[in-house]
Amino acid sequence: MWGACPGGHHQGMDFTKNETAAPTDTVPPAKRLRRTRDGKMIAGVCSGTGDYLGVDPNVLRLGLGLFTLLGGAGVALYAIAWVLIPEEGAATSIGEDLLRKAGESPQIQDLIQKTKDGMNKHVTR
């Protein structure tokens with residue numbers, strides 16, 4: 001059924017075990033998106049994103065510049081990324097810190113409760 005191929009190779013799969021293969025039980029650490037300090041020009045958004053994606057940060061900078069010239073979206077994208085992406089060495093982003101602080105504020109909690117109460121009044125009518 002399995003005939004020999006030219007060159008002495010067999011058709012089909014090779015079921016021989018590779019004894020020199022590295023163990024597969026070691027998992028590399030997860031890659032995390034961070035704003036970097038090395039190579040940053042403003043806040044490290046492009047350099048960190050470039051490191052994460054394996055792309056030259058200058059390509060990302062050119063893209064953001066193009067978006068900025070074609071309507072201003074580049075500035076908005078950069079600002080959002082600045083707030084949402086944590087800095088290298090930080091556990092949380094600026095946005096996470098602001099949300100946590102706002103959640104601890106009695107004025108914010110009171111505003112949220114009043115909003116919920118107002119929504120419930122409109123729903124029950």
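Take the residues of the stretch 46-88 that are of a type in the set (Ser, Thr, Tyr) and in contact with a helix residue (DSSP H, G or I) (Cβ under 9 Å, 6 or more places away or on another chain): which is nearest to Arg32 (Cα to Cα)? Across the stretch 46-88, the extreme among qualifying residues is Thr49.
Matching residues to (1) loosely packed, with under 12 Cβ neighbours inside 10 Å; (2) at pLDDT 55 or above; (3) in contact with a Ser or Thr (Cβ under 8 Å, 6 or more places away or on another chain); (4) part of a loop (DSSP other than H, G, I, E, B):
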{"position": "Trp2", "(1), (2), (3), (4)": "yes, no, no, yes"}
{"position": "Gly12", "(1), (2), (3), (4)": "yes, no, no, yes"}
{"position": "Lys17", "(1), (2), (3), (4)": "yes, no, no, yes"}
{"position": "Asp25", "(1), (2), (3), (4)": "yes, yes, no, yes"}
{"position": "Leu33", "(1), (2), (3), (4)": "no, yes, yes, yes"}
{"position": "Asp38", "(1), (2), (3), (4)": "yes, yes, yes, yes"}
{"position": "Ile42", "(1), (2), (3), (4)": "yes, yes, no, yes"}
{"position": "Gly50", "(1), (2), (3), (4)": "no, yes, no, no"}
{"position": "Leu62", "(1), (2), (3), (4)": "no, yes, no, no"}
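Against the test of being surrounded by fewer than 14 Cβ atoms within 10 Å (Cβ to Cβ), of a type in the set (Gly, Ala, Ser) and under 21 Å from Lys31 (Cβ atoms), the options Ala91, Ala76, Ala81 yield a single qualifying residue, Ala91.
Yes or no: the stretch 102-112 includes at least one residue that is in contact with a strand residue (DSSP E or B) (Cβ under 6 Å, 6 or more places away or on another chain) and of a type in the set (A, V, I, L, M).
The answer is no; no qualifying residue exists.
The values are calculated or read from the model by the stated rules, or taken from the named source; none is laboratory data. The shown structure was predicted, so the numbers you read here are calculated from the model rather than taken from an experiment. Cβ atoms come from the backbone with ideal geometry, glycine included; neighbour counts cover every protein chain shown.
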